[in-house]
1. Can you tell me which residue is nearest to residue 294 (Cα to Cα) among those in segment 343-356 that are modelled with pLDDT of 85 or more and under 23 Å from the mean Cα position of the chain (by Cα)?
2. Conditions: (1) touching a strand residue (DSSP E or B) at 6+ places or on another chain (Cβ under 8 Å); (2) at negative phi; (3) surrounded by 24 or more Cβ atoms within 10 Å (Cβ to Cβ). Residue 264 meets all but one. Number of the miss?
3. Just to be sure before I move on: is residue 130 at pLDDT 80 or above, over 27 Å from residue 205 (Cα atoms), in the same structural domain as residue 33 (by TED's automatic domain parsing) and in a helix (DSSP H, G or I) in the structure I sent?
4. Quick one: what pairs do we get from segment 115-140, first residue within 13 Å of residue 272 (Cα to Cα), second of a type in the set (Phe, Trp, Tyr) and at pLDDT 70 or above, C-beta under 6 Å, 6+ apart or different chains?
5. For the condition of a type in the set (A, V, I, L, M) and touching a Pro at 6+ places or on another chain (Cβ under 9 Å), what is the one hit in 329, 299, 339?
6. So, in segment 305-319, how many residues would count as being surrounded by 20 or more Cβ atoms within 10 Å (Cβ to Cβ) and under 22 Å from the mean Cα position of the chain (by Cα)?
7. Identify, from the list 199, 208, the residue that is under 30 Å from residue 142 (Cα atoms) and modelled with pLDDT under 95.
8. Within segment 171-182, take every residue that is of a type outside the set (Lys, Arg), under 20 Å from residue 314 (Cβ atoms) and surrounded by fewer than 19 Cβ atoms within 10 Å (Cβ to Cβ) and give me the one that is modelled with the lowest pLDDT.
Amino acid sequence: MIAAPPPLIGYISATRIGHVAWETIAHCSYARSQGRKLLLIMSPSVVNSAFPSLFSDSARFLSLPSIHEELDNPREPSPAQLWPGQGADVRMTSDHDGLIFDSYTTLRPDLRSRPFESLFDGYWKCERVAKYFEPLKIHDAYETEGTELLKKLGLSRGDWFVCVHARESSYLGDTQRENMNQSISNYFAAIEHITARGGYVIRMGDAGTTKLPPMDRVIDYAHSPHRSDFADLYLCAKAKFFLGSRSGLSLVPQMFNTPLLRANFWPITPHDANNLGLTLYAKAYSHEKGRCLTMREVLADPNLCYREWDDEYRQIGLTLVENTPEEILDGVIEMFEILDAEGGNKPWTPEQDRFQSDVRAAIAQAPLTIMEARCNTFPDFFCRVATKYLAENW
């Protein structure tokens, strides 16, 4: 009998939730592409400490302190218990920089998970993800905790909900990139449509975000005493869909294949790891032309009209414009149509297929010169644009 190969070992130390989520997806996909199981080690510096509550058939998670400390919590197993008999020798010392992990896997390079070499070398490539990613799940041992969370938030058994998140500058104190932020009030019409259909809305975010006014069947989780790392993951995993924005949090539901509707996204590029999502792009207002540019005009620009900082947009005479309440509402209505279709995924329209082909072609030919754009414009992601928005802005 041939023994199964030992699992690959991955290490994540990112301090932004979007990078933690994406690196998790990338590591899981890489290990499955190699026919290996994965032991993913989360550094103490990782922004969310609840990843050991997740699993898939081929992946397990450990927080780094648990590798060398005796745990009182039996839900988080020791490495030897994860896959008995597969030789997972992961005795390591806690560190913040991954230096010991690097030293260990230098001695045993055959055990290291290598989904990418660096931030600039295939970090956002999606080909392997599209083929091999297996959605993560909440471990059964944590389901009672999750059920209690929903009860504390005011939901009953059988209730469904949609998570909503609009990025604000409060989390990072990011006042030099206001172009990435949105007003939650532009989401109110969409929120009312969701609750009118019998659902609940759970507003995600940090405690510094704008407080919501009282709204029926709306839970301002961002200001709830029940906020926690585990709750952030659990809600993203269990939502009917996630109405997000241009933020790292929008990558978290993709770990669970929770359908994702992105509003106010920028730049105009594919950015979904699967074909379950729907996108509404922000608009670029040209002060020279006195109007918003069409998406064709944006894609004709060598840099896709993309910049990082607010001052850079001012220098080129552009202002990013948020989606209107009507556009976001139309996107939510279409998202329900997609989910209500047979199989839970309405086929793409010919126009949506053609747009994705045109975007991929434009990206392949654009001489991008901005570092961040190079990281965010790989053409092998997906981008199904909302039907009405596409007709009005292409």
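The values are calculated or read from the model by the stated rules, or taken from the named source; none is laboratory data. Values in this document were obtained by computation on a predicted structure and should not be read as measured data. Don't worry about glycine lacking a Cβ; one is built from the backbone with ideal geometry, like all the others, and counts go over all protein chains shown.
1. Let us first name the residues in segment 343-356 that are modelled with pLDDT of 85 or more, namely 346-356.
Narrowing further to those that are under 23 Å from the mean Cα position of the chain (by Cα): 346-348, 352-353, 355-356.
Values: 346: 26, 347: 25, 348: 22, 352: 16, 353: 18, 355: 13, 356: 15 Å.
Applying the filter and picking the extreme gives 355.
2. All conditions pass for residue 264, except number (2).
3. Against the criterion (at pLDDT 80 or above, over 27 Å from residue 205 (Cα atoms), in the same structural domain as residue 33 (by TED's automatic domain parsing) and in a helix (DSSP H, G or I)), residue 130 qualifies.
4. 126/381
5. On the way: 329 fails: touching a Pro at 6+ places or on another chain (Cβ under 9 Å); 299 fails: touching a Pro at 6+ places or on another chain (Cβ under 9 Å).
Step by step, each of 329, 299, 339 is checked, and only 339 is of a type in the set (A, V, I, L, M) and touching a Pro at 6+ places or on another chain (Cβ under 9 Å).
6. Applying the first criterion (surrounded by 20 or more Cβ atoms within 10 Å (Cβ to Cβ)) to segment 305-319 yields 305-307, 313, 318.
Narrowing the set further to residues that are under 22 Å from the mean Cα position of the chain (by Cα) leaves 306-307.
Residues flagged as surrounded by 20 or more Cβ atoms within 10 Å (Cβ to Cβ) and under 22 Å from the mean Cα position of the chain (by Cα) within segment 305-319 amount to 2.
7. Values: 199 fails: modelled with pLDDT under 95.
Exactly one of 199, 208 is under 30 Å from residue 142 (Cα atoms) and modelled with pLDDT under 95, namely 208.
8. Initial filter on segment 171-182 (of a type outside the set (Lys, Arg)): 171-176, 178-182.
Filter once more, so that each one left must be under 20 Å from residue 314 (Cβ atoms): 174-176, 178-182.
Filter again for surrounded by fewer than 19 Cβ atoms within 10 Å (Cβ to Cβ), leaving 174-176, 178.
Values: 174: 66, 175: 70, 176: 73, 178: 78.
Applying the filter and picking the extreme gives 174.
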